[in-house]
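Novice: Here it is, the structure, as structure tokens.
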Amino acid sequence: MSKVSIIGAGFVGSTTAHWAVMSGGCSVVVLMDVVDGLAKGKVLDLIQAGPIAQHSVDAIGTSDIFDTANSDLIIVTAGVPRKPGMSREDLVTVNANIVRSVITEAIRLSPNCIILMMTNPLDTMTYLAYKLSGFPRERVIGQAGVLDSGRMRTFISMETGVSPENIHTTVMGGHGDEMVPLVRYSNIAGMPLKYFLKEEQVSRIVERTRTGGGEIVQYLKTGSAYYAPGAAAWKMAEAVVRNKGEILPASVYLEGEYGLKGLCFGVPVMLGYNGVQKILELELNAEEKAALERSSALIRSTMSHLKI
Ligand code: NAD
């Protein structure tokens, strides 16, 4: 292992490529974009950081999808990001056309790859990639929960002063404002959040996690977050290419888990070489189940705009 190709050399794609070469977890990274010269220029810049930052992973920048052939992992970041006032759901039609062309070409050239989707609306685009590829569900995953859990850890750390390293959070469901941060499955050094935070602080953190992406969009005005999304994409990619068996949240096609089927939805999974090795089912109470229902309803309404 492993050849990793990143399709889309915009903010998220190039940040992911940066994490990929820094981590050294793969043998070659290909960064591809339809805009001529964009990926080539970014990769040239990236490899010139090698002698300074001491990374030596081979990297190729290209506008030719053929250079992605025989990839072990393909990370799809091609698509349009949000602008202020847009929900992730608003992106569905334009990004579905991009994802359709990217996936069709990419899997023809890399029929045995794992697909990691980043393009928003994330769960709907992961579903589209799953359907178009015809791959087993284990080989098509979407990144959302790693980022959302990271945001929740950051906000808890900001509120308590405790190092994020001691903070564990669980966020399930869709990558939208109806995502489900699970307070009962989050802790600080093994202790429940209530030992450190008042109820109203926890509610505020949950709400800020849900709208964390939008908060950044409001500041940036012309695009959306990319440092933490790139780190999250690479966290998942590394679990695959290093065959770590790591438990992380991922959007995957459900066939009855959590009482849901026929959609891609964020759940805890174990990740390794072959993609999803196991889907884990947490025991949820009535309130948590209702939150998952609301989140799945939002995804289904976005999916209804897809033509496949
Ligand atoms: P960006 O505009 O900076 O980059 C997108 C790139 O995709 C552009 O360079 C564009 O030329 C390229 N592209 C478009 N069509 C292509 C095609 N057919 N083949 C190859 N490349 C193509 O946007 P960004 O900020 O990098 O965001 C990319 C996507 O990731 C957006 O949909 C955004 O909403 C999403 N995103 C997801 C998460 C997440 O956690 N899943 C987080 C942030 C952003």
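The values are calculated or read from the model by the stated rules, or taken from the named source; none is laboratory data. Note that the structure is a prediction, hence the values are computed from the model and not measured. Methodologically, a virtual Cβ is constructed for each residue, glycine included, from the backbone with ideal geometry; neighbour enumeration extends over all protein chains shown. To get the accessible areas, we keep the full protein, side chains included, count just its heavy atoms, and leave off ligands, DNA and RNA. Shrake-Rupley method; radii C 1.70, N 1.55, O 1.52, S 1.80 Å.
Novice: Would a scan of segment 17-40 turn up a residue that is in contact with a strand residue (DSSP E or B) (Cβ under 8 Å, 6 or more places away or on another chain) and open to solvent by 70 Å² or more (accessible area, probe 1.4 Å)?
Specialist: There is at least one residue in segment 17-40 that is in contact with a strand residue (DSSP E or B) (Cβ under 8 Å, 6 or more places away or on another chain) and open to solvent by 70 Å² or more (accessible area, probe 1.4 Å).
Novice: Which residue pairs have Cβ atoms under 6 Å apart, sit 6 or more places apart or on different chains, and have a first residue in segment 87-110 that is touching a residue at least 60 places away in the same chain (Cβ under 8 Å) and closer than 16 Å to Asp33 by Cβ and a second that is crowded, with 19+ Cβ neighbours inside 10 Å and among the hydrophobic types (A, V, I, L, M, F, W, C)?
Specialist: Val102/Ile7; Val102/Val76; Val102/Ala78; Ala106/Ile74
Novice: In segment 114-162, how many are more than 9 Å from the ligand (Cβ to nearest atom), touching a helix residue (DSSP H, G or I) at 6+ places or on another chain (Cβ under 8 Å), open to solvent by 20 Å² or more (accessible area, probe 1.4 Å) and touching a residue at least 60 places away in the same chain (Cβ under 8 Å)?
Specialist: Of the residues in that region, 7 qualify.
Novice: I've got another one for you. Given the criterion without any contact (Cβ under 8 Å) to a residue 60 or more places away in the chain and in the same structural domain as Ser296 (by TED's automatic domain parsing), identify the matching residue among Gly245, Gly213.
Specialist: From the options Gly245, Gly213, the qualifying one is Gly245.
Novice: For segment 274-293, state whether one or more residues are open to solvent by less than 10 Å² (accessible area, probe 1.4 Å) and farther than 22 Å from Thr124 by Cβ.
Specialist: Among the residues of segment 274-293, not one is open to solvent by less than 10 Å² (accessible area, probe 1.4 Å) and farther than 22 Å from Thr124 by Cβ, which makes the answer no.
For (1) within 15 Å of the ligand (Cβ to nearest atom); (2) over 19 Å from Leu116 (Cβ atoms); (3) not assigned by TED's automatic domain parsing to the domain that holds Arg100, each residue gets a yes or a no:
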{"residue": "His18", "(1), (2), (3)": "yes, no, no"}
{"residue": "Leu31", "(1), (2), (3)": "yes, no, no"}
{"residue": "Ile52", "(1), (2), (3)": "no, yes, no"}
{"residue": "Ile60", "(1), (2), (3)": "yes, no, no"}
{"residue": "Phe66", "(1), (2), (3)": "yes, yes, no"}
{"residue": "Asn70", "(1), (2), (3)": "no, no, no"}
{"residue": "Ala78", "(1), (2), (3)": "yes, no, no"}
{"residue": "Arg82", "(1), (2), (3)": "yes, yes, no"}
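Novice: Restricted to segment 178-204, and to residues that are under 26 Å from Thr302 (Cα atoms) and more than 13 Å from the ligand (Cβ to nearest atom), which residue is surrounded by the most Cβ atoms within 10 Å (Cβ to Cβ)?
Specialist: It comes out as Val180.
Novice: Which one is most open to solvent (accessible area, probe 1.4 Å), of the residues in segment 91-113 that are more than 10 Å from the ligand (Cβ to nearest atom) and at pLDDT below 95?
Specialist: Residue satisfying both the conditions and the ranking: Thr93.
Novice: If you go through segment 105-120 one residue at a time, do you hit one that is more than 16 Å from the chain's Cα centre (by Cα) and assigned by TED's automatic domain parsing to the domain that holds Gly213?
Specialist: no
Novice: Ok, one more. Can you say whether Gly8 is more than 10 Å from the ligand (Cβ to nearest atom) and farther than 20 Å from Asn274 by Cβ, as far as the supplied structure shows? Full working, then the answer.
Specialist: Details: more than 10 Å from the ligand (Cβ to nearest atom): no; farther than 20 Å from Asn274 by Cβ: yes.
Judged against the criteria, Gly8 is not a match.
Novice: I would also like to ask the following. So which pairs qualify, if the first residue must be in segment 279-295 and outside any loop (DSSP other than H, G, I, E, B), the second must be among the charged types (D, E, K, R) and at pLDDT 95 or above, the Cβ gap must be under 8 Å, and the two must be at least 6 apart or on different chains?
Specialist: Ile279/Glu257; Glu288/Arg184
Novice: Restricting to segment 43-57, and then to whatever is more than 15 Å from Val28 (Cα to Cα) and among the small types (Gly, Ala, Ser), can you tell me which residue is least open to solvent (accessible area, probe 1.4 Å)? Reasoning before the result, please.
Specialist: Here is the first cut: in segment 43-57, the residues more than 15 Å from Val28 (Cα to Cα) are 45, 48-49, 51-54.
Narrowing further to those that are among the small types (Gly, Ala, Ser): 49, 53.
Values: Ala49: 33, Ala53: 49 Å².
Among residues in segment 43-57 that are more than 15 Å from Val28 (Cα to Cα) and among the small types (Gly, Ala, Ser), the one least open to solvent (accessible area, probe 1.4 Å) is Ala49.
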